[in-house]
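The values are calculated or read from the model by the stated rules, or taken from the named source; none is laboratory data. Owing to the predicted nature of the structure, the values given are computational and were not obtained by experimental measurement. Here the Cβ positions follow ideal geometry from the backbone for every residue, glycine too, while neighbour counts run over all protein chains shown. SASA here: full protein model, heavy atoms, side chains in, ligands and nucleic acids out. Shrake-Rupley method; radii C 1.70, N 1.55, O 1.52, S 1.80 Å.
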Number of protein chains: 2
Amino acid sequence: MGTTQLETAPETKYWHLKTVIGEALDSEFAVGEILPNERDLAARFGVARATLRQALEQLELEGRLQRRRGVGTTVAPPRMGVAVGAAGNGWPGSSGDAWQPADCTQEIPPAVVAELLGTGADEAVHVLRRSRMYSGQPVAADLLYVPAASVPDLSAIDIPDGVTRARVVLRELQLLGFEGEDRAVELGSARADDARQLDRLPGAPVLLVTTRYFGHGGRTAAVSVATYRADTCRLTFGGDVEFHSEQERRAS
Amino acid sequence: MGTTQLETAPETKYWHLKTVIGEALDSEFAVGEILPNERDLAARFGVARATLRQALEQLELEGRLQRRRGVGTTVAPPRMGVAVGAAGNGWPGSSGDAWQPADCTQEIPPAVVAELLGTGADEAVHVLRRSRMYSGQPVAADLLYVPAASVPDLSAIDIPDGVTRARVVLRELQLLGFEGEDRAVELGSARADDARQLDRLPGAPVLLVTTRYFGHGGRTAAVSVATYRADTCRLTFGGDVEFHSEQERRAS
DNA sequence: CAGTGGTCTAGACCACAAG
DNA sequence: TTGTGGTCTAGACCACTGA
């Protein structure tokens, strides 16, 4: 007898599983609904738990599932469109800025950042820690590096409160005005501290957005390294119009 | 006796391994160098191969390693900065366009795209398949959807060659001029066909760039869905100046 | 406490590239 | 044919959540 399947491409088990479960999510599950636990699912599909997990990992990477230790696996809502650059997010600290300052210290930045800033390798700069919320969820953490030269009027910083220090630096920065910005997006994995802020485990996939802000004369006035949750975020650029992702379509 | 380690955070094995290997890559390996195979590495570190692999996966996700079946694991070159939008990549088909058309058919687009285009759910549109190379490597595959209404002068398309058809559509599109564009970036995993084009396995992490091109009157004239290799690419936006990533710093 | 997902093991076999 | 990374298994234990 021939195989009942046509001689198609050899498909791995977890890939096929991912497809099957993905289709089931579209047709049989609502957002927020809890899936059976991994052991049951694995048994139901007749595979080892590790294989089932490989499929779930893929679906989580694509933002279709959300897994939380001690709780379970739920159907994720569509990714939220998070505006990056443009509208209300141009110059750090401008009105409507989506970022919420959390702290400000003076530190020697990583060599990467120092090079972008054009500061010396052992020169301390202001480091603002900021976080960004959306619909009540943390979506991004970032570090904003501001060289002392960019905010010359801050002679004596003896403000005890970090948040206040942050606001002062931002205000100074805002007074400067700016000429443009530069942006790069790449895939990364959450460091331990970012992971904590983003309510994820270390190593979770994140979108790393590095922005250079140019002051007058083309000098780099500040550099921001933002870490967005890759599972829940879709970064949008230019244009204020929101548009819908595949998931939002499915949900409606 | 107390533990010789300070009571630090409990760190998983693979995470620690990732850190150790990552540091070794910085100090003891050159770009392109081949690492020992997974079985040897696992034995050397006294862990199961699966655990070792978990660490390597992280490093590959961060673009620091490249693994190829049947070949081995090599130290990856720094991610290449790939310009998206702006300079020479504005309107599809404009001079200096980095995309190379490969084919053109007429198909009914996925519902997601149809909605973005504002076409009917069962209306066929031109589908241009394009690919993008960089330094001799494929970095992205994309599908450009062009509604028939956007290129009205193509009454009878009986051109046999797909590439030629693609060029004709692009030329028509170019004659229209455009008013702006809209972009979104999110994490995805490579479909089987994209994976083949990008020389990766299915499910490989990719950066999904969805672009809406607006014609005169704010109408959506075309939609492009581009799939960039997340391991080798850093997407850059705005500003023609290239800047260096952490890895480029390490390499220099 | 019971139940979840996260980590880890020690094996096996498969698909692929290159000699 | 050999050696590589990729897949898969069946089990164990851990870390965390919430009742």
Within a Cβ distance under 12 Å of B:Gln100, other residues only, what is the Lys/Arg minus Asp/Glu net charge? +1
Gaussian network model of chain B, springs between alpha carbon atoms under 10 Å - residue of B:Ala222, B:Ala121, B:Ala55 with greatest fluctuation: B:Ala121
Nearest 100 Å² is fine: how much accessible area is buried between B and A, summed over both sides, with a 1.4 Å probe? 3400
Label-point separation (nm) for B:Ile159 and B:Thr74, each offset 7 Å from Cα along Cα-to-Cβ? 3.7
For A:Phe45, inter-copy label-point distances (7 Å, Cα→Cβ), nm, shortest first, read 2.7
Report, in degrees rounded to the nearest 10, the 0 to 90 angle that the Cα long axis of helix A:49-61 makes with the longest principal axis of chain A. 50
Express the relative contact order of chain A as a whole percentage, based on alpha carbon pairs under 8 Å and six or more residues apart in sequence. 19
Shielding of B:176-186 by partner chains, average beta-carbon count, 10 Å: 6
Go through A:Tyr134, A:Tyr213 and list them by solvent-accessible area, largest first, probe radius 1.4 Å. A:Tyr134, A:Tyr213
For chain A, projected area of the alpha-carbon convex hull averaged over all directions, nm²: 17.9
Student exercise, segment A:13-75 dipole from Lys, Arg, Asp, Glu Cβ charges, in Debye to nearest 20: 340
Inter-copy spacing of A:Arg171 label points, which lie 7 Å from Cα along Cα→Cβ, given in nm from shortest upward: 6.2
Any idea of A:Arg229's accessible area? Nearest 10 Å², probe 1.4 Å. 10
Mind checking segment A:37-138 for trypsin sites (Lys or Arg not before Pro) that DSSP puts in a loop (not H, G, I, E or B) and that have at most 16 other Cβ atoms within 10 Å? A:Arg69
Give me, ordered by chain and number, the residues 5 or more places off B:Asp103 or on other chains with an amide H under 5 Å from its own placed amide H. B:Arg129
Select from A:His16, A:Val47, A:Pro36 the residue farthest towards the positive end of the dipole of segment A:13-75; place +1 on Cβ of Lys and Arg, -1 on Cβ of Asp and Glu, and compute about the Cα centre. A:Val47
How many times 2.2 N^0.38 Å is the alpha carbon radius of gyration of segment A:13-75? 0.99
Calculate, in nm to one decimal, what A:Glu33 and A:Ile108 gain on full extension: separation in residues at 0.36 nm each, minus their alpha carbon distance. 22.4 nm
Provide an ascending nm list, one decimal, of label-point separations from A:Ile108 to the equivalent residue in each further copy; define each label point as 7 Å from Cα along Cα→Cβ. 6.4
Label model pair B:Ala24, A:Ala148: point-to-point distance (7 angstrom along the Cα→beta-carbon line) in nm is 4.1
Accessible solvent surface per residue of chain A, calculated while the other protein chains remain in place, 1.4 angstrom probe, Å²: 49
Surface/4 of the Cα convex hull for the protein assembly as shown, nm²: 29.8
Phi-based couplings in Hz for segment B:36-43 (Karplus 6.51, -1.76, 1.60; Gly and Pro marked x): x, 6, 4, 5, 5, 4, 4, 4
Largest first, how would A:Glu38, A:Glu28 line up by accessible area (1.4 Å probe)? A:Glu28, A:Glu38
Taking amide hydrogens as modeled 1.01 Å from N in the peptide plane, which residues meet the under 5 Å criterion relative to B:Ala190, leaving out close sequence neighbours? B:Gly203, B:Ala204, B:Val206
When the accessible area of segment A:13-75 is split by element with a 1.4 Å probe, what percent falls to carbon and sulfur? 49
Run lengths n ≥ 4 of DSSP H only: what is the helix-derived mean residue ellipticity at 222 nm for the protein assembly as shown, with -39500 (n - 2.57) per run over all residues, to the nearest 500? -8500 deg cm²/dmol
